[in-house]
Amino acid sequence: QVQLVESGGGLVQPGGSLRLSCAASGSILSIYYMGWYRQAPGKQRELVASITRSGMPNYADSVKGRFTISRNNAGNTVYLQMNSLKLEDTAVYYCNIRATSRPYWGQGTQVTVSS
């Protein structure tokens, strides 16, 4: 069974950077959407950034200009470059890959921004 494996989370000071990666453990056919979501304690999961099959990115207003979503050429790995991190970016980050067959979710990776 295909799983999404996330990496790159951790503890960083305000203003710092992290790069999250999400790779599929197997082949996923007909991917049309890749995204990153986050959930902070006591809050609902929210969209951070997404990218379509055509390469069109979309960002939450709170991260525009600071975060960049990208994918590899094979289209089975999605990245989230996070710069100028703020305290309010602290959350568990989840990747989401959608294919015509079904959606997939990663297990989540903790990002903590703290001084």
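At a glance:
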{"quantity": "Gained length - ALA74 relative to SER7, 0.36 nm times residue gap less alpha-carbon distance", "calculated": "22.3 nm"}
{"quantity": "Surrounding net charge for TYR32, when Lys and Arg each add one and Asp and Glu each subtract one, Cβ distance under 11 Å", "calculated": "+2"}
{"quantity": "Solvent-accessible area per residue, Å², over the chain with all protein chains present [probe radius 1.4 Å]", "calculated": "54"}
{"quantity": "Modelled FRET efficiency - R0 25 Å, MET56 with ARG102, Cβ distances, 0.05 increments", "calculated": "0.70"}
{"quantity": "All-pairs alpha carbon distance profile, the stretch 21-115, 10 Å steps from 0, percent", "calculated": "16, 51, 27, 6, 0"}
{"quantity": "Test item: Cα-centred dipole of the chain, Lys/Arg +1 and Asp/Glu -1 on Cβ, debye", "calculated": "180"}
{"quantity": "Interatomic Cα distance distribution for the stretch 38-91, bins of 5 angstrom, percent", "calculated": "4, 17, 28, 23, 16, 8, 3, 0"}
{"quantity": "q = 0.19, 0.26, 0.28 Å⁻¹: log10 I(q)/I(0) that the Debye formula gives for the stretch 1-54, counting C-alpha atoms only", "calculated": "-0.90, -1.24, -1.26"}
{"quantity": "Percent accessible area from carbon and sulfur atoms, the stretch 21-115, protein chains only, probe 1.4 Å", "calculated": "48"}
{"quantity": "The chain - percent relative contact order, Cα under 8 Å, separation 6 or more", "calculated": "37"}
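The values are calculated or read from the model by the stated rules, or taken from the named source; none is laboratory data. Note that the structure is a prediction, hence the values are computed from the model and not measured. All Cβ positions, even for glycine, are placed from backbone atoms using ideal geometry, and neighbour counts span all protein chains on display. Please note that ligands, DNA and RNA were not included when accessible areas were found on the heavy atoms of the full protein model with its side chains. Shrake-Rupley method; radii C 1.70, N 1.55, O 1.52, S 1.80 Å.
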